[in-house]
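Inspection log for the structure reproduced underneath, given as structure tokens.
The values are calculated or read from the model by the stated rules, or taken from the named source; none is laboratory data. Bear in mind the structure is a predicted one, so any value in this text is a computation, not a measurement. FYI the Cβ positions are ideal-geometry reconstructions off the backbone, even for glycines, and counts take in every protein chain you see. We work out accessible area using only protein heavy atoms, side chains counted, and drop any ligands, DNA or RNA first. Shrake-Rupley method; radii C 1.70, N 1.55, O 1.52, S 1.80 Å.
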Amino acid sequence: MTRRAVSHGRFIALEGIDGSGKSTQCRLLAQALRERGHTVTETREPGGTPFGEQMREVLLGTDRGALSDAAEVYLFAAARAQLVAQVVRPALERGEWVVCDRFLDSSLAYQGVGRGVGIDAVDQANALAVAGCLPDVTIIVDMPLAVAMVRRGLGDRIEAEGGSFHERVAEGYRELATRYPDRIRVVSGSDTPGDVHARVIAELATLM
Ligand code: TYD
């Protein structure tokens, strides 16, 4: 998918396997940007809009039975379409920074590689949802799977998948980083949240 610049705002997505610590990094990044005087919209996927939060319940609910892979792809894409239209694009047009906890690359890694749908197929299924509104930079917080699995809960439908699923997701993120070196940066998620935050800031130095 090709990125089209939207006004002068900046769009950052944080990605990683479950338990990688990316949500903490989103908060720390948003706080650091505000301290530098930027207006920041913080959001997350799936969710970030009333419709998206409803989709989140459907997608992550443990009592929803088995969704087909294609249904899962399209539901994540539907939530994303609403988030782009209602939150991300308007904020970028106002010239704000948008910090998003997961975005398209989650679908490429989890559904594309984890579920085996294929990166290109998932990318195409998201074209209308994203409509060129791609992050300026996506930061993957890289964490050894064994460490992340100890950290994360087993709460939702996707988190409860077995280890081989999460191994494929981790492999998916590595593949995405190789495929899209211009827009994806990988930082080590080991050490303290403050150490990881410093790495995130270093990766964004030119944008800031
Ligand atoms: P997340 O909100 O990071 O979980 P938590 O807040 O419990 O740490 O993500 C929810 C789950 O949804 C996570 O397992 C990844 C998955 N997911 C996909 O499979 N595809 C997607 O496109 C997105 C956005 C998330």
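Quick notes
- Of the residues making up the range 14-31, one or more are near the ligand (Cβ under 10 Å from one of its atoms) and among the β-branched types (V, I, T).
- The numbered conditions (1) in contact (Cβ under 8 Å) with a residue 60 or more places away in the chain; (2) away from the ligand (no atom under 15 Å from the Cβ); (3) of a type outside the set (S, T, N, Q); (4) farther than 16 Å from V137 by Cα are all true for R10 except (4).
- Helices (runs of 4 or more DSSP H) wholly inside the range 83-141 containing at least 2 residues that are in contact with a Lys or Arg (Cβ under 8 Å, 6 or more places away or on another chain): 127-130
- Just one of (1) hydrophobic (A, V, I, L, M, F, W, C); (2) in contact with a Ser or Thr (Cβ under 6 Å, 6 or more places away or on another chain); (3) surrounded by fewer than 20 Cβ atoms within 10 Å (Cβ to Cβ) fails for A146. It is (2).
- Qualifying residue in the range 112-135 (condition: under 13 Å from the mean Cα position of the chain (by Cα), of a type outside the set (A, V, I, L, M, F, W, C) and more than 9 Å from the ligand (Cβ to nearest atom)): yes
- Residues within the range 43-82 that are more than 10 Å from the ligand (Cβ to nearest atom), in a helix (DSSP H, G or I) and open to solvent by less than 20 Å² (accessible area, probe 1.4 Å), tallied: 0
- Within the range 46-58, residues that are among the charged types (D, E, K, R) have Cβ atoms under 9 Å from residues that are part of a helix (DSSP H, G or I) and surrounded by 15 or more Cβ atoms within 10 Å (Cβ to Cβ) in these pairs: E53/A79; R56/A79, counting only partners at least 6 apart in sequence or on another chain.
- Flag if R27 is touching a strand residue (DSSP E or B) at 6+ places or on another chain (Cβ under 7 Å), modelled with pLDDT of 90 or more and not hydroxyl-bearing (S, T, Y): no
- Considering the range 93-104, and only residues there that are at negative phi and more than 8 Å from the ligand (Cβ to nearest atom), the residue that is most open to solvent (accessible area, probe 1.4 Å) turns out to be R94.
- Selection count where residues are over 23 Å from A85 (Cα atoms) and buried (at least 24 other Cβ atoms within 10 Å of the Cβ), scope the range 111-142: 4
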